[in-house]
Amino acid sequence: MIVQPKIRGFICTTAHPDGCAQHVQEQIDYVRKQGVFDNGPKKVLVIGSSTGFGLASRIVAAFGCGAATIGVFFEKEADERRTATAGWYNSVGFEQKASNEGLYAKSFNGDGFSDEMRAKVVETIKNDWGTVDMVIYSMAAPRRQHPRTGKISKSVLKPLGQEYTNKSIDLSTQELETVTLAPASNEEIEQTVDVMGGEDWEFWIDALDKEGLLSDGVVTLAYSYIGPKLTKAVYRNGTIGQAKDHLEATAKKLDARLQKSHQGHAVISVNKALVTQSSSAIPFIPLYFVLLKKVMKEKGLEEDCIAQIYRLFKTRLLAGGEFPVDEAGMIRMDDLEMREDVQSVVDEAWEKLTPQNLHELTDLKGYQEDFLRLFGFGLKGVNYDADVEHIRPLPSGA
């Protein structure tokens, strides 16, 4: 199959297997160039490991720390007519490269919210590792079926209390538009918290702890985002913010528990705004991203997923002593994004934005390149005119 990008709305419906493998290789090369760690975790479980921050975390753990890794994700395999999803090809590429380096790597594809998936992973850790040193929770899903009640919840991005109107961008046409979001109902708030809050993270820790699989000094972390005042009304003060509040409260609860039982820690890492498959779907947010990207590039501050996670490991998780956290107890990897000299320029540009100066004030080209790279397109050294085998099994077969 000759694989070319097919864009529909805010997603790409195709993915290039060689391109995704090359994207993984570039991230591995970045880690190797920065330097490996001699004090990192050696057995790491990543829940939500196939794209974005989760994939970067698995790469840093494996190729930066020499860790054995287990990844959990929900991706679609290829069939005769369709490519697999990018996350599937990312995971195939990761496993192949880990195997070449003699690193343990197993992946589980399915519903990470289910007790059945937890049971499979728990059994594998029990049989293969004995204990786990680090658990990274990086789930990003639009819906969740509760494993105990069967209730299906769907997350929404809506403001609270009243409707919200602001400028946004239609990524398919690259044109400015005005978007109005209706306020969320109580049911929508509850469902968003069900999907994106901390309950499932706690269920994973419960399942591992029950079987005695958490090592002494175990660290578990989840990823969150706060964002600037520009997006506050619809993001942090909206339905997703309610879910993030629940996630952060769960971190404090787990941290107190793990300190007492395992001399361990649970912590939230607040990461910077980056191009991901999920973030591209959020109104207003992509417009902020393309403004931010231009400013951070000009100031030499821009980081992609792998750079962000490598810095997280180097300067926060493995720096020695207690993790450096803010007054709320969270690691702030958005420190560069939230600098006053960055946000003031972004705010000024937002106010000036018109259809005429959109390309001048933003880095739309860079955003589009980053977006396509998520699906394996635009990578150097990949022949996109070649006929490639698009059906590729996971080496671990899990």
Cα extents of the range 41-106 along the three principal axes, largest first, in whole Å?
-> 40, 22, 14
Two-decimal ratio, the range 50-196, of alpha-carbon radius of gyration to 2.2 N^0.38 Å = 1.31
What would the Debye formula give as log10 I(q)/I(0) at q = 0.07 Å⁻¹ for the alpha-carbon point model of the chain, no solvent?
-> -0.31
The chain, Gaussian network, Cα under 10 Å: of Ser185, Ser91, Ser155, the residue fluctuating most is Ser185
Which value in deg cm²/dmol, rounded to the nearest 500, describes the helix-derived mean residue ellipticity at 222 nm for the chain, given -39,500 (n - 2.57) per DSSP H run of n ≥ 4 and division by the residue count?
-> -12000 deg cm²/dmol
Ranking His262, His16, His23, His390 by Cβ neighbours within 10 Å, fewest first, what do you get?
-> His262, His390, His23, His16
Across bins of 5 angstrom width beginning at 0, how are the C-alpha pair distances of the range 128-233 distributed, in whole percent?
-> 2, 10, 14, 16, 16, 14, 10, 7, 5, 4, 1
Counting only C-alpha contacts under 8 Å and six or more residues apart, can you give the relative contact order of the chain as a whole percent?
-> 23 percent
Give me the lysines in straight-line cross-link reach of Lys294: C-alpha distance below 17 Å, same-chain residues under 8 apart excluded.
-> Lys272, Lys352, Lys365
Per residue convex hull volume, Cα only, the range 185-227, in Å³ is 80 Å³
So which lysines pass the test for Lys252, namely a Cα distance under 19 Å, with those fewer than 8 places away in the same chain ruled out?
-> Lys244, Lys260
Based on DSSP, what percent of beta bridges with both residues in the chain are antiparallel, to the nearest 5?
-> 30 percent
With helices defined as uninterrupted DSSP H runs, which ones in the chain have an alpha carbon span along their own long axis of at least 30 Å and mean Kyte-Doolittle hydropathy of at least 1.6?
-> none
Per-residue Cβ neighbour rank within 10 angstrom, fewest leading, Thr250, Thr362, Thr180 = Thr180, Thr250, Thr362
Nearest 5 is fine: what % of DSSP beta bridges in the range 143-288 come out antiparallel, could you say?
-> 60 percent
GNM top mover of Pro228, Pro17, Pro355 - the chain, alpha-carbon springs below 10 Å = Pro355
Going by how many other Cβ atoms sit within 10 Å of their own, how do Trp129, Trp88, Trp204 line up, fewest first?
-> Trp129, Trp204, Trp88
Checking Gln263, Gln22, Gln191 against a Gaussian network model of the chain (alpha-carbon springs below 10 Å), the top fluctuating residue turns out to be Gln263
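Taken together, the values in this text are just the output of simple stated rules run on the coordinates, not laboratory data. The model shown is predicted, which means the values in this text are computed figures rather than measured ones. A quick note on method: Cβ atoms are made from the backbone with ideal geometry, for glycine too, and the neighbour counts reach across all protein chains shown.
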